[in-house]
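Colleague: Sending over a structure as structure tokens; questions will come in a sec.
The values are calculated or read from the model by the stated rules, or taken from the named source; none is laboratory data. Note that the structure is predicted; figures quoted are calculated from it, not measured. Every residue, glycine among them, receives a Cβ derived from its backbone with ideal geometry; neighbour counts consider all protein chains shown.
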Amino acid sequence: MKLELRGITKRFGSLVANDRIDLVVEPGEIHALLGENGAGKSTLMNVLYGLYEPDEGEVVLDDVPVRFAGPGDAMAAGIGMVHQHFMLIPVFTVAENVMLGHEETKGGALGWLDRRAARRKVAEVSSRYGLAVPPDALVADLPVGVQQRAEIVKALTRDAKVLVLDEPTAVLTPSEIDDLMKVMRRLRDAGTSIVFISHKLKEVKAIADKVTVIRRGKVVGQPSPTASEEELASLMVGRQVALTLEKAPANPGDVILDVRDLRVVDDAGVVQVDGVSFQVRAGEIYAIAGVQGNGQTELTECLLGVEAASEGSVHIGGRDVSQASVRDRLRLGVGYVPEDRLHDGLVGGFTVAENLILDMYDRTPFAKGVGLDLRAIAGNAAERIDEFDVRTPSGGALASTLSGGNQQKVVLAREMSRPLKLLVVAQPTRGLDVGSMEFVHRRIVAERDNGTAVVVVSTELDEVLGLADRIAVMYRGRIIGELPAGASAQEVGLLMAGSTSQASAAAGARGSGSGDE
């Protein structure tokens, strides 16, 4: 199916999210839609999917103009969409999610749901495209990557000829990203048209047949997929962007964070963190690498006090905080950026301004007697919005209305705009564009240079290698190795896979190689 968007314009009050955008996606083509946070990519696709009605312009399918009153019309026309935040019901099985809204029944109109037919559809589509989605599994029990494949299955069972993937790799591990790329190629080769929304340049170059770049609501170019990452980045952001981080060597001071024999057991009795010990000094960045699900989440939550340790201790600045509350740890000068910004970092129903003071609302200058100083809160929001380039109509906008990348900027702005002893950052640039990543990395290094002890947890290997002064790798709840700054991607990758002997051999080869020079 050939898709054309002609002169699409969408306004929200005075904000022009899409400004006369033209886009053509040919049958059997992966067309990457590239742009920074808030550029208007998701808005454009929500127009295509019938969630928004365009103020101007039209959608054309196979040379026929169409108008959608809602997503049901779009799906009936052959448009499928996998949203950045999945639209699955956790307590339902995959098959039940797939049949939702398109229920088949047995025994006539008043019969019962034909779950067997839904399971057959899931199994058939999974097999055809190599998606490996279990029909009877509860969505809540599935890893994020499998949940995403379930969303794709749901779209394909409804005969989607055009599939929109909105930031599909934002929450995936490297291996899950590789799997998704394989699925996309299979779909393309079978004739499905794919709109791939992203700001990850390596992925765009690896998978896209064509590229369209949007900046501040307008199409600013259609470069070749063979263009360099630097060319794509400057077109996205409108300026030159440094894709490699330049930083001076660390100058570590006193021990700020001292973790001793930490053990965390979840409600099901499973050991998630198993005897972890490490120290982080003032003025250094300690990066924890690892495939998602090896205990990093539980470790960072335990450092803040959200998760209780069953054994071991945590000392911050020489003080044992093992039994201290989250509030007490924040008051000690701990900043915390959780990996799940939507559920743990923000209150979606609060304004941007309110979210920017969540951990400081009862202190000056934001507290005024028993009330709040609304003028100070608004002033703080204006400063942080400008400093972190948060794309929002105002500080009064609800956090839930922002794009994922801009939500992340709000969390970072709140946590990095007060004096800190320790900064714990989980997935700091998840969902951010290259310009924002550059800014965040520089701020993290600036925190280090100001004497803050920094713990960075990331599944992005390039990010770990670029930021770290020391690297730890977690595997099955344990730290199985520590490496210095300058370690190779091969060494870290081998440890991430649990291969300590091969990693040691790679480190030995690196050491002997440097000696020969």
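Colleague: Scan (1) on the phi < 0 side of the Ramachandran plot; (2) touching a Ser or Thr at 6+ places or on another chain (Cβ under 6 Å) for the single condition L48 breaks and write down its number.
Modeller: In the conditions (1) on the phi < 0 side of the Ramachandran plot; (2) touching a Ser or Thr at 6+ places or on another chain (Cβ under 6 Å), L48 misses (2) alone.
Colleague: Then there is this: Which residue out of D114, D159, D179, D136 is at pLDDT 85 or above and among the acidic types (D, E)?
Modeller: Being at pLDDT 85 or above and among the acidic types (D, E) holds for just one of D114, D159, D179, D136, which is D136.
Each row is one residue, and each column tells you yes or no for (1) surrounded by fewer than 22 Cβ atoms within 10 Å (Cβ to Cβ); (2) more than 27 Å from F439 (Cα to Cα); (3) touching a residue at least 40 places away in the same chain (Cβ under 8 Å).
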{"site": "A190", "(1), (2), (3)": "yes, yes, yes"}
{"site": "V195", "(1), (2), (3)": "no, yes, yes"}
{"site": "E203", "(1), (2), (3)": "yes, no, no"}
{"site": "A227", "(1), (2), (3)": "yes, no, no"}
{"site": "M236", "(1), (2), (3)": "no, no, yes"}
{"site": "A242", "(1), (2), (3)": "yes, no, yes"}
{"site": "E246", "(1), (2), (3)": "yes, no, no"}
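Colleague: Now, a different point. Which members of segment 370-394 meet the condition of being among the acidic types (D, E), assigned to a helix (DSSP H, G or I) and either closer than 16 Å to V440 by Cα or touching an Asp or Glu at 6+ places or on another chain (Cβ under 8 Å) (or both)?
Modeller: Hits for segment 370-394 are D386, E387.
Colleague: Which of the residues belonging to segment 1-60 are farther than 28 Å from F388 by Cβ, without any contact (Cβ under 8 Å) to a residue 40 or more places away in the chain and part of a loop (DSSP other than H, G, I, E, B)?
Modeller: G50, E53
Colleague: Out of F388, F366, report the one residue that is hydrophobic (A, V, I, L, M, F, W, C), touching a strand residue (DSSP E or B) at 6+ places or on another chain (Cβ under 9 Å) and farther than 30 Å from Q279 by Cβ.
Modeller: F366
Colleague: State which residue is surrounded by the fewest Cβ atoms within 10 Å (Cβ to Cβ) when the search covers only segment 386-420 and only residues that are over 18 Å from T300 (Cβ atoms) and among the β-branched types (V, I, T).
Modeller: T401
Colleague: Still on this model: Return the residues of segment 486-511 that are crowded, with 16+ Cβ neighbours inside 10 Å, at pLDDT below 80 and either among the acidic types (D, E) or part of a helix (DSSP H, G or I) (or both); say none if nothing qualifies.
Modeller: Across segment 486-511, the qualifying residues are A503, A506, A507, R510.
Colleague: In addition: Could you tell me how many of the residues in segment 61-77 are touching a residue at least 40 places away in the same chain (Cβ under 8 Å) and either outside any loop (DSSP other than H, G, I, E, B) or hydroxyl-bearing (S, T, Y) (or both)?
Modeller: Summing the residues that are touching a residue at least 40 places away in the same chain (Cβ under 8 Å) and either outside any loop (DSSP other than H, G, I, E, B) or hydroxyl-bearing (S, T, Y) (or both) in segment 61-77 gives 2.
Colleague: Something else: Please go through segment 421-477 and give me each residue that is hydroxyl-bearing (S, T, Y) and either under 19 Å from L299 (Cα atoms) or under 16 Å from the mean Cα position of the chain (by Cα) (or both), ordered by number.
Modeller: T429, S436, S458, T459, Y475, listed by residue number.
Colleague: Additional query: Conditions first: (1) outside any loop (DSSP other than H, G, I, E, B); (2) farther than 24 Å from S234 by Cβ; (3) among the small types (G, A, S). A206 passes all but one, so which condition is the exception?
Modeller: Every listed condition holds for A206 apart from (2).
Rundown of residues vs (1) in contact (Cβ under 8 Å) with a residue 12 or more places away in the chain; (2) in a helix (DSSP H, G or I); (3) more than 20 Å from E246 (Cα to Cα), yes/no style:
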{"site": "S400", "(1), (2), (3)": "yes, yes, yes"}
{"site": "K409", "(1), (2), (3)": "yes, yes, yes"}
{"site": "A413", "(1), (2), (3)": "yes, yes, yes"}
{"site": "R418", "(1), (2), (3)": "yes, no, yes"}
{"site": "R430", "(1), (2), (3)": "yes, no, yes"}
{"site": "V440", "(1), (2), (3)": "yes, yes, no"}
{"site": "E447", "(1), (2), (3)": "yes, yes, no"}
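Colleague: Among the candidates R341, R384, single out the residue that is free of Cβ contacts under 8 Å to residues at least 60 places away in the same chain and basic (K, R).
Modeller: After applying the criteria, what remains is R384.
Colleague: Which one of V241, V220, V183, V211 is closer than 28 Å to V139 by Cα and among the aliphatic types (A, V, I, L, M)?
Modeller: V183
Colleague: Please work out which residue is surrounded by the fewest Cβ atoms within 10 Å (Cβ to Cβ), limiting yourself to segment 368-385 and to residues that are of a type in the set (K, R) and modelled with pLDDT of 90 or more.
Modeller: Filtering segment 368-385 for residues of a type in the set (K, R) gives 368, 375, 384.
So of that shortlist, the ones also modelled with pLDDT of 90 or more come out as 375, 384.
Numbers: R375: 10, R384: 23.
Ranking the qualifying residues of segment 368-385, first place goes to R375.
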